[in-house]
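*Asks:* Structure in structure tokens, see below.
What follows draws every value from the coordinates through simple rules; no lab data is involved. No experiment lies behind these values; they were computed from the predicted model shown. Every residue, glycine as well, gets a Cβ built from its backbone with ideal geometry; the counts of neighbours run over all protein chains shown.
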Amino acid sequence: MTVKEFCAALAKHPGVKMHWMLPDQSFVPAHYHITEVGKVQKDFIDCGGTVRSATSCLLQVWVANDTDHRLETNTLASIMAVAEPLLATDELPLEVEYEDGVISQYPVAGMEVTPSGLLFSLGTKHTACLAPEKCGVDGTGCC
């Protein structure tokens, strides 16, 4: 999901709660906060020597002990609007950073409307060899 698609969903469903489902089908606790909206750029050289870059919008999800807290779409839409100049484009892929024992990053894979609000499904990220022809592997491993 891109920032543009995410913001459109927030605008289309004003005043509703949001839920985040992790890849293992468990949920981020309902009293989460969005503590950061960031533009993350990773510049790197792959194992074949090619310079690459990857940029995304990262939402940091944090859970405190204020169990009555609930974030609604209007508030998050306002936060995203403040972040627009920093992001510079709404075509960035959207990811969520969440800590549950370890800090993990998840791509936002989809959204559906449910009776209790918007349900955002989080996907998984995987490592890969980006230059299998140079490494002599079939793409399942690396150098």
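*Asks:* Which is farthest toward the positive dipole end of the chain among Ala83, Ser116, Val37, measuring Cα position about the Cα centre, with Cβ charges +1 (Lys, Arg) and -1 (Asp, Glu)?
*Replies:* Going by the Cα projections, it comes out as Ala83.
*Asks:* Ok, one more. When Lys and Arg each count +1 and Asp and Glu each count -1, what net charge do the other residues less than 11 Å away from Leu118, Cβ to Cβ, add up to?
*Replies:* 0
*Asks:* Starting from the 7 Å offset along Cα-to-Cβ, what nm value, one decimal, do you get for the label separation of Glu5 and Arg52?
*Replies:* Placing both labels 7 Å beyond Cα along the Cβ direction yields 2.1 nm.
*Asks:* Let me ask another. Let's see if you can work this out: charge +1 on each Lys and Arg Cβ, -1 on each Asp and Glu Cβ, no other charges. What is the dipole magnitude of segment 1-121 about its Cα centre, in debye to the nearest 20?
*Replies:* With Lys and Arg at +1 and Asp and Glu at -1, about 240 debye.
*Asks:* Long-range amide H contacts for Cys47: which residues qualify at under 5 Å (H placed 1.01 Å from N, peptide plane, sequence gap of 5 or more or a different chain)?
*Replies:* Amide H neighbours of Cys47: Leu130, Ala131.
*Asks:* Oh, and also: So what's the net charge close to Gln25: Lys and Arg +1, Asp and Glu -1, counting the other residues with Cβ under 15 Å from its Cβ?
*Replies:* Details: positive: none; negative: Asp24, Asp100, Glu112.
Local charge sum for Gln25: -3.
*Asks:* Once Rh is set to the Kirkwood radius over Cα pairs, what Stokes-Einstein translational diffusion coefficient, in µm²/s, holds for segment 3-135 at a temperature of 25 °C and a viscosity of 0.890 mPa s?
*Replies:* 153
*Asks:* Let me ask something additional. Run the reach check for Lys42 against lysines, Cα to Cα strictly under 18 Å, same-chain hits fewer than 8 apart removed. What comes back?
*Replies:* The reachable lysines, counting only those whose Cα sits under 18 Å from Lys42, are Lys125.
*Asks:* Angle check, please: helix 3-12 long axis (alpha carbons) against the longest principal axis of the chain (alpha carbons), in degrees 0 to 90, nearest 10.
*Replies:* 20
*Asks:* Additional query: Of Ile103, Ile79, Ile34, which has the largest mean-square fluctuation in a 10 Å C-alpha GNM of the chain?
*Replies:* Per the Cα network of the chain with a 10 Å cutoff, Ile103 tops the list.
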